[in-house]
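The values are calculated or read from the model by the stated rules, or taken from the named source; none is laboratory data. What you are looking at is a predicted structure, and each value in this text was computed from that prediction instead of being measured. Cβ atoms come from the backbone with ideal geometry, glycine included; neighbour counts cover every protein chain shown. Accessible surface areas use protein heavy atoms only, side chains included; no ligands, DNA or RNA. Shrake-Rupley method; radii C 1.70, N 1.55, O 1.52, S 1.80 Å.
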Amino acid sequence: MTLESVLLAVGPGDADRIDDLAEAVIEVAAPADATVVLAHVFTDSEYDEVLERLEFDTEVDEIDPDEVAARHSTIRDLKASLDEYDIEYETRGAVGEHGSTIVDLASEADTDRVVVGGRKRSPTGKAVFGSTAQEVLLSSPCPVTFVRSSDE
C-alpha cells in the first residue's frame, strides 16, 4: 500500500497536543513524501465562536470553513512544523460533529491514513460523553494513528 496522503484532524481540544501531532504526522508523511491534509473540524457553536474571535464579517460574505481553518492558530502552528520538513499540505475546514465529520473528510479526500489526537478516558467517560477518537478508529475508511498527549 502506497502512502500518498495523510489526514491530520484537529479540533479545539488539540492545542496542547500540537507538537505531538506534528511529530506523528511528520514521521509518517516525510519518508513517504505524502501530502498532509490539515483538517480542522468545528461543531456549529465552535464555528460561530471562532468566526467572532477571528473577526470574520459574517454580514458581508458567506465564510468558507477552509478559510477559517487556515487562519486558526492550531493549523498555522502545524503548517510551520510541516514547512520545516518540506512536507506538502492542504488545509480543510469542516463544520459538524467531530467524529463523523473526520471520517467524511477522510473519505472525500481519499486519504491513506488518518492521524487523530485524544486523551485518556475511562470506559464510563467514553460511554457517557462519547469519544471522537473511538468513532474515527471504528469508522475510518483507512488506518488510523491515535496520538495521546505526552503529558498523560
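Structure notes:
- Selection status of Gly99, crowded, with 20+ Cβ neighbours inside 10 Å and assigned to a helix (DSSP H, G or I): yes
- One residue stands out in region 37-52 among those that are farther than 13 Å from Ala69 by Cβ and touching a residue at least 40 places away in the same chain (Cβ under 8 Å): the one that is least open to solvent (accessible area, probe 1.4 Å), namely Thr43.
- Taken together, the residues in region 76-85 that are within 13 Å of the chain's Cα centre (by Cα) and open to solvent by 20 Å² or more (accessible area, probe 1.4 Å) amount to 3.
- Condition check for Glu23 on (1) surrounded by 15 or more Cβ atoms within 10 Å (Cβ to Cβ); (2) closer than 22 Å to Asp112 by Cα: one failure, at (1).
Table: residues versus (1) of a type in the set (Lys, Arg); (2) in contact with a Ser or Thr (Cβ under 9 Å, 6 or more places away or on another chain).
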{"site": "Ser5", "(1), (2)": "no, yes"}
{"site": "Val28", "(1), (2)": "no, yes"}
{"site": "Tyr47", "(1), (2)": "no, no"}
{"site": "Ile63", "(1), (2)": "no, no"}
{"site": "Arg76", "(1), (2)": "yes, no"}
{"site": "Tyr89", "(1), (2)": "no, yes"}
{"site": "Leu105", "(1), (2)": "no, yes"}
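- Enumeration of residues in region 125-152 that are at pLDDT 80 or above, outside any loop (DSSP other than H, G, I, E, B) and open to solvent by 60 Å² or more (accessible area, probe 1.4 Å): Gln134, Glu135, Leu137, Leu138, Ser139, Phe146, Arg148
- Some residue of region 54-64 being of a type outside the set (Ser, Thr, Tyr), crowded, with 20+ Cβ neighbours inside 10 Å and closer than 18 Å to Ala15 by Cα: no
- Matching option when the condition is at pLDDT below 95, under 22 Å from Asp20 (Cβ atoms) and among the polar types (S, T, N, Q), among Ser81, Ser122: Ser122
- Of all the residues in region 22-75, those that are assigned to a helix (DSSP H, G or I) and within 17 Å of the chain's Cα centre (by Cα) number 22.
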